[in-house]
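The values are calculated or read from the model by the stated rules, or taken from the named source; none is laboratory data. Since the structure is predicted, the reported quantities are computational estimates derived from the model, not experimental observations. In this analysis, Cβ positions are derived from the backbone assuming ideal geometry, glycine residues included, and neighbour counts consider all displayed protein chains.
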């Protein structure tokens with residue numbers, strides 16, 4: 001039974017990736033994202049949301065509430081994280097995109113969510129994400145919500161500075 005349950009995890013991840021269920025986002029190289037071609041005939045609004053899971057003494061919020069992008073255009077958004085405790089704390093961000101059917105059209109080239117993040121006592125840091133909305137996004141989808149929730153990463157070694165996509 002244990003082996004069967006363990007084997008279901010990669011199958012579920014593949015299912016989510018193919019169907020867009022669970023709001024999982026994709027990852028592309030900057031070269032692949034730049035080769036998509038920009039659709040200048042329409043706009044998509046990306047709403048940004050940040051939250052913190054229980055047990056993580058951080059404040060985490062987007063620097064702006066939304067960004068307006070042309071599909072195929074490499075775009076940037078920034079979030080601000082602040083450790084409100086007197087100790088160094090390591091967290092891991094989990095992304096989600098809504099509506100779920102649109103998540104397969106949302107791809108990141110750089111993101112703080114690619115690795116664990118360490119914040120020293122009372123430290124604040126700007127955390128960037130670079131993304132592209134695929135021009136194949138169905139035309140009826142005009143607004144996406146990009147949400148990140150940070151959770152405690154117990155027993156985790158922090159990523160070296162500059163190696164985590166938070167340049």
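Points to keep in mind about this one:
- Count of the stretch 78-101 residues which are in contact (Cβ under 8 Å) with a residue 60 or more places away in the chain and buried (at least 21 other Cβ atoms within 10 Å of the Cβ): 5
- Number of the condition not met by residue 103 [criteria: (1) touching a helix residue (DSSP H, G or I) at 6+ places or on another chain (Cβ under 8 Å); (2) within 29 Å of residue 139 (Cα to Cα); (3) modelled with pLDDT of 95 or more]: (3)
- Any hit, the stretch 129-148, residues being surrounded by fewer than 15 Cβ atoms within 10 Å (Cβ to Cβ), under 21 Å from residue 86 (Cα atoms) and at pLDDT 95 or above: no
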